[in-house]
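*Asks:* One structure coming up, written as structure tokens, with questions to follow.
The values are calculated or read from the model by the stated rules, or taken from the named source; none is laboratory data. Because the structure is predicted, anything quoted here is derived from the model rather than measured. Neighbour counts are summed over all protein chains in view; Cβ atoms, including those assigned to glycine, are modelled from backbone coordinates with ideal geometry. Side chains are part of the model used for accessible areas, which takes the heavy atoms of the whole protein and leaves out ligands, DNA and RNA. Shrake-Rupley method; radii C 1.70, N 1.55, O 1.52, S 1.80 Å.
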Amino acid sequence: MEPIDTPHITLRALEPSDLDSVYRWENDPSVWPLGNTIAPLSRFQLDEYIRAYSADIFRDRQLRLMIVDAATDTAVGTIDLYDFEPQHARAAVGIFVDPAYRRRGFASAAIDAIKRLCRDRLGFVSLWCIIAVTNFPSMRLFESRGFEVSGTLRSWIRCGDNFIDAFILQNLDL
């Protein structure tokens, strides 16, 4: 897949040189409750994943792209499409921006770029995401990009010994 360039960011496929960043991000236990990670991933596992990565959402039913600061060519995070349903022209979206690069517009630019990709190249009609009700920064981000709450998932995310609710948000205006 060709990179997706905007004035602020580039979205590109994973490269072997991304291993150190992806290893650090995937193994940060503070973000595990926001996803489905329950144990560290080895450098070997991630290296194999990157080397085998095809960037073909139709084959793999998922797409992971690196978010790169266009000004410095520094990888600052990832954006993922997953649970792709070609029959229904939709997928879930998830995003991670390294804490050192947050609040600089990278996440907003990446969501806008992925929405254009989904609309113009992939023919999607909707994107959706699940966000913990306590994750206020993510709620503000996705709502600012046109996502709307369409429901609540009760006791959806484990946080230690407790479970918290999550919102499901949709964007039908790609």
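*Asks:* Find all pairs meeting these conditions: Cβ atoms under 8 angstrom apart; at least six residues apart or on different chains; first residue within the range 154-174 and outside any strand (DSSP E or B); second residue among the basic types (Lys, Arg) and open to solvent by 50 Å² or more (accessible area, probe 1.4 Å).
*Replies:* Qualifying pairs under 8 Å: LEU174/ARG116; LEU174/ARG119.
Let's see how each residue does on (1) out of contact with any strand residue (DSSP E or B) (no Cβ under 9 Å at 6 or more places or on another chain); (2) under 27 Å from ARG119 (Cα atoms); (3) of a type in the set (Asp, Glu):
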position: ILE4; (1), (2), (3): no, yes, no
position: HIS8; (1), (2), (3): no, yes, no
position: ARG12; (1), (2), (3): no, yes, no
position: ASP20; (1), (2), (3): yes, no, yes
position: ASN27; (1), (2), (3): yes, no, no
position: TRP32; (1), (2), (3): yes, no, no
position: ALA70; (1), (2), (3): no, yes, no
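*Asks:* Sticking with this one: Could you list, in sequence order, all residues of the range 104-157 that are among the small types (Gly, Ala, Ser) and closer than 25 Å to ALA71 by Cα?
*Replies:* Of everything in the range 104-157, those that are among the small types (Gly, Ala, Ser) and closer than 25 Å to ALA71 by Cα turn out to be GLY105, ALA107, SER108, ALA109, ALA110, ALA113, SER138, SER144.
*Asks:* Residue check: is ALA132 over 23 Å from PRO86 (Cβ atoms), open to solvent by less than 40 Å² (accessible area, probe 1.4 Å) and free of Cβ contacts under 8 Å to residues at least 40 places away in the same chain?
*Replies:* The answer is no for ALA132.
*Asks:* Open to solvent by 40 Å² or more (accessible area, probe 1.4 Å) and farther than 25 Å from ASP5 by Cβ: is that true of SER144 in this structure?
*Replies:* The answer is no for SER144.
*Asks:* Right, next: What residue, among those in the range 119-129 that are open to solvent by 50 Å² or more (accessible area, probe 1.4 Å) and in a loop (DSSP other than H, G, I, E, B), is farthest from VAL93 (Cα to Cα)?
*Replies:* ARG121
*Asks:* Tell me, yes or no, whether the range 148-168 has at least one residue that is within 20 Å of PHE106 (Cα to Cα), hydrophobic (A, V, I, L, M, F, W, C) and open to solvent by less than 80 Å² (accessible area, probe 1.4 Å).
*Replies:* no
*Asks:* Taking the range 116-144 only, how many residues are more than 26 Å from ASP165 (Cα to Cα) and among the charged types (D, E, K, R)?
*Replies:* Result for the range 116-144: 4.
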